[in-house]
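First the structure, which I've put down as structure tokens, then a few questions once you've had a look.
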Amino acid sequence: MALIDPVILKTRLGDMAGRFDVDALDACDSTSSELSRRAERGAPSGTVLVADRQSAGRGRRGRVWLSEPAASLTFSLLWRFPATTPLSGLSLAVGVALAQAIEALGVAGVCLKWPNDVLLRREAGFGKLGGVLIEMASDRRGFQVIIGIGLNLLRPVGDFPDPVAGLEEGCPAVPERHAVLAALLRELAMVLDAFTVDGYFGQKSQWHRFHAWQGDPVRVLGDEREIEGRCLGTDDDGSLLINTGDDVVRVLSGDVSLRRA
Ligand code: BTN
């Protein structure tokens, strides 16, 4: 039996249980790939696929996403938006939902790195707590978005290119996994509903509250150029603003790597 029981999750979701249709698998290739196939077959908005193991988990920028079943949460959420909804800044809004939910669970030090990494601020420095992979498609009904989320409950063991963290490092005891998933889904529904009306603008101040490097010197590594400057946060559409000294540069693409200088 999978580590998530949809019946227990339903009780944890309370009055929001009707917003979600949850399936829990022992294993699949990638929850996002499988959910995308189900979306093509007409799965409704609010469908959630959670899996203990992924054989081909995908991260941003073509990277592989590895996760340990008992030490992490790995799931994808299908959300449909009307064709008129501007979706710029959606991945940042998702980050706000995750950070708010994690903070409300009693985890100290959660913060966000543009465009959509969830970090934990610890004495030892920042560590990556989780990541978001957003994939969009459109058809005559509007936009179909697959929001893939990987979150470490325990700190991953092994060699990683960048420091990693687990929820356990920010709280006295890791909350039970159904409680964590329910808190994330509830907050996602609220933020995504608000996003449909106000776009990223309505989430901007919260994103800045959680921003790990607000006002700090940063380096943006793109494929063709590198920008150094002070990070001013985000614009109303979610683009990153860097004050280079001579100019304020807008970074639009999420396909860059951001480092604290
Ligand atoms: C990142 O690179 O930081 C984003 C990682 C997103 C990983 C999640 S795990 C659940 C979903 N299924 C996938 O294959 N990827 C996302």
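Each value in this text was obtained by applying a stated rule to the coordinates, not by laboratory testing. Computed from a predicted structure; not experimentally measured. For neighbour counting, all protein chains shown are included, and Cβ atoms are generated from backbone atoms with ideal geometry for every residue, glycine included.
Starting from the Cα of Lys204, draw a straight line to each of the lysines and keep only those under 26 Å, dropping any in the same chain fewer than 8 residues away.
Lys113, Lys128
For the pair Ala173/Ser205, report the inter-label distance in nm, with labels modelled 7 Å from Cα in the Cβ direction.
Going from the Ala173 label point to the Ser205 one covers 3.6 nm.
If each residue's Cβ is checked for other Cβ atoms within 10 Å, how do Glu123, Glu228, Glu168 rank with the fewest at the top?
Starting with the residue having the fewest Cβ neighbours, the order is Glu123, Glu228, Glu168.
If you find the alpha carbon centre of the stretch 192-258 and of the stretch 170-186, how far apart are they in angstrom?
28 Å
Normalised by the residues of the chain, what does the relative contact order come to in percent, with Cα pairs under 8 Å and at least six apart?
17 percent
Tell me which of Gln54, Ala97, Thr84 sits at the most positive position along the dipole axis of the stretch 17-103, charges placed on C-beta atoms (Lys, Arg +1; Asp, Glu -1).
Looking along the dipole axis, the top candidate is Thr84.
With only Lys, Arg, Asp and Glu charged, each at its Cβ (+1 for the first two, -1 for the last two), find how big the charge dipole of the chain is about the Cα centre; round to the nearest 20 debye.
It works out to roughly 200 debye.
Could I get the Rg over Rh figure for the stretch 104-154? Both from C-alpha atoms, Rh via Kirkwood, rounded to two places.
1.14
Note down the relative contact order for the stretch 140-231 as a percent, whole number, built from C-alpha pairs under 8 angstrom at least six residues apart.
Over the stretch 140-231, the number comes to 13 percent.
Within 13 Å, Cβ to Cβ, of Ala97, how many net charges do the neighbouring residues add up to if Lys/Arg are +1 and Asp/Glu are -1?
Surrounding charge for Ala97 is -2.
Pop a pseudo-label 7 angstrom from the Cα along the beta-carbon direction at both Arg140 and Ala83 and give the gap in nm to one decimal.
0.9 nm
So, one more: If you add up the charges near Gly166, with Lys and Arg at +1 and Asp and Glu at -1, over every other residue whose beta carbon is less than 14 angstrom from its beta carbon, what do you get?
My count for the surroundings of Gly166 gives +2.
Looking at Gly229, Ile242, Pro172, which one has the Cα that reaches farthest to the positive end of the dipole of the stretch 121-261 (charges on Cβ: Lys, Arg +1; Asp, Glu -1)?
Pro172
Moving to a separate point now. Tell me, in nm to one decimal, what length is gained between Ser55 and Leu25 on full extension, where the rule is 0.36 nm per residue of separation less the Cα-Cα distance?
Extending this stretch completely gives an extra 9.6 nm.
Further question: Any chance you could tell me what percent of the C-alpha pair distances in the chain go past 30 Å?
24 percent
Taking 0.36 nm per residue of sequence separation and subtracting the Cα-Cα distance, how much length would be gained by fully extending the chain between Val197 and Ala124, in nm to one decimal?
22.3 nm
Hey, another quick one. Please find the FRET efficiency linking Ser253 to Ala2, where r is the Cβ-Cβ separation and R0 is fixed at 41 Å, and quote it to the nearest 0.05.
Calculated value: 0.70.
Okay, next question. When 1/r is averaged over all different Cα pairs and the result inverted, which Kirkwood radius in Å belongs to the stretch 95-225?
Hydrodynamic radius (Kirkwood, Cα pairs) of the stretch 95-225 is 15.9 Å.
Another question about this same structure. Which value in deg cm²/dmol, rounded to the nearest 500, describes the helix-derived mean residue ellipticity at 222 nm for the chain, given -39,500 (n - 2.57) per DSSP H run of n ≥ 4 and division by the residue count?
Mean residue ellipticity, 222 nm, calculated: -7500 deg cm²/dmol.
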